[in-house]
Structures are given as structure tokens and as C-alpha cells.
């Protein structure tokens with residue numbers, strides 16, 4: 001396997017360029033740039049993260065070509081004038097489940113930042129109902145996990161809540177979780193130069209392992 005040696009200024013420059021020239025003709029003229037500067041480094045990163053991702057959940061589908069996001073948006077949902085993504089990401093999830101309905105671990109790269117985290121972005125009421133049951137059944141364990149220093153210092157809880165809270169008595173913290181329609185934990189950094197170094201791989205691996213205990217609790221694996 002060819003080693004992952006970090007990303008490059010050319011990686012982020014392509015994201016800026018496609019954002020301002022989001023057209024089929026422009027992309028076709030620059031397809032070689034995309035393959036060389038964006039897609040290939042991400043495939044190497046995905047392959048380098050496979051073992052760590054499987055340490056989090058053996059059920060993850062880790063084939064790099066499936067983990068790395070496509071540059072072309074789904075035209076059923078994308079605006080007509082923006083057929084291409086101006087960001088890129090890796091997602092680790094179970095096979096055969098749509099990304100929007102899956103609880104995933106991810107790495108993302110925007111034009112001026114990068115980050116990683118875990119969460120569910122679409123609405124999946126059955127999954128959320130099972131998660132709430134686990135929180136209520138093992139509240140103390142749950143609180144220990146979300147307050148673990150290595151986790152709490154790196155990740156921020158985000159996501160849509162119900163307009164009318166369904167739970168109000170679960171103090172001190174679970175109500176915030178119990179009232180989420182969907183949620184994700186994220187870490188964002190604007191120090192994109194740190195992604196130019198191969199050491200960013202170790203940073204992401206450590207983040208995956210710090211997410212592992214809470215991920216496995218949420219999924220009912222531990």
C-alpha cells in the first residue's frame with residue numbers, strides 16, 4: 001500500500017476552484033487535477049484508516065472507493081447550478097444502509113477547515129428511540145462516556161432538537177440528548193496546514209478511538 005503523506009495546498013485549491021466554477025465543463029477540464037490532488041490522497045487516507053475504523057466496529061464497510069465521497073452531487077437533491085461538491089469526506093458505516101439514515105463515523109475537509117466526528121444526519125425515529133432506551137437504562141454509564149476528558153475536550157454535541165421537549169426530568173445532562181431528533185458530535189479545526197503532514201493520520205486515528213466507547217454504547221454493541 002502506498003503511504004498516506006498528507007494533503008496539499010493543491011487539494012484545498014481545487015475545492016475553492018470548483019466552488020467558484022461549479023460547472024460540468026470546468027470539472028471535465030480539471031478532472032485530472034481532481035483525481036491527482038483530491039481523490040487519490042483521500043483513497044490513501046481511507047485505506048490507512050481502515051484498521052482503526054474496524055477496531056471501532058467490525059461491521060463497517062471499509063473499501064476506500066465506498067468510503068470516499070463522490071465529487072458529483074446527487075442531482076435529485078442538488079441545486080441545478082451546483083452539480084459538484086466543494087468539500088470532501090470519508091464515512092464509515094454499515095453496508096446496505098443509506099448514508100442519511102446511518103450512524104456514521106466521518107472525516108471531512110472543507111475549503112478552510114477540516115474535522116471529524118460521528119452522528120446521524122437524516123431522520124431515523126426507530127434508531128433514535130432505541131438510543132433513548134439505552135440512555136435511560138444506563139444513565140450513569142452514558143454520563144461517564146460523554147464526560148470522559150479525552151472525548152469532552154475534543155467534541156461538541158450538535159443537531160436538531162424537538163421544538164417541544166419530550167423529556168425534562170433527566171438531570172443533569174441526558175435531557176439534551178433525549179430531546180434530539182438527530183444529532184452529531186463534531187470536531188472542527190481551521191489549521192488546514194496540519195493536514196499537509198502525514199501526522200494528521202495519527203490525529204484522526206486517535207479521534208476514532210476516543211469516539212469508540214460512546215459510539216459502541218449508542219449502537220448497543222457494549
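None of the figures in this text is laboratory data; all of them are computed from the coordinates on show. Just so you know, these numbers come straight off a predicted model, no measurement behind them. Cβ sites come from the backbone with ideal geometry, for glycine too, and all protein chains shown count toward neighbours.
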Can you compute the modelled spin-label distance between residue 189 and residue 112, with each label point 7 Å from Cα toward Cβ, in nm? 1.9
Using alpha-carbon coordinates, inclination of helix 125-137 to the longest axis of the chain, degrees: 50
Relative to the longest principal axis of the C-alpha atoms of the chain, give the angle of the C-alpha long axis of helix 9-20, reported between 0 and 90° and rounded to the nearest 10°. 90
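Give me Rg over Rh for the chain, both radii from the alpha carbons and Rh done the Kirkwood way, two decimal places. Numbers along the way, then the final one.
Numbers: Rg = 18.4 Å, Rh = 18.7 Å.
Dividing the radius of gyration by the Kirkwood radius yields 0.99.
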Once the Cβ-Cβ distance between residue 19 and residue 199 is put in as r, and R0 is 35 Å, what FRET efficiency do you end up with, to the nearest 0.05? 0.80
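If r is the Cβ-Cβ distance from residue 54 to residue 133 and R0 is 25 Å, what FRET efficiency results, to the nearest 0.05? Don't skip to the answer; put the middle values down first.
Numbers: r = 27 Å, r/R0 = 1.07.
With R0 = 25 Å, the Cβ-Cβ based efficiency is 0.40.
Fully extended, how many nm does the chain gain between residue 66 and residue 154 (0.36 nm per residue separation, minus their Cα-Cα distance)? Kindly include the intermediate steps, with their values, before the conclusion.
Values: separation 88, 0.36 × 88 = 31.68 nm, distance 2.69 nm.
Gain in length upon complete extension: 29.0 nm.
Taking the highest mean first, how do the peptides 205-213, 91-99, 22-30 order by number of other beta carbon atoms within 10 angstrom per residue? Walk me through the numbers before you get to the answer.
Values: 205-213: 18.1, 91-99: 15.0, 22-30: 13.2.
The most tightly packed comes first, giving 205-213, 91-99, 22-30.
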Once label points are set 7 Å from the Cα along Cα→Cβ at both residue 176 and residue 8, what is their separation, rounded to one decimal in nm? 4.2
Ranking of 112, 37, 17 by count of other Cβ atoms within 10 Å, fewest first: 112, 17, 37
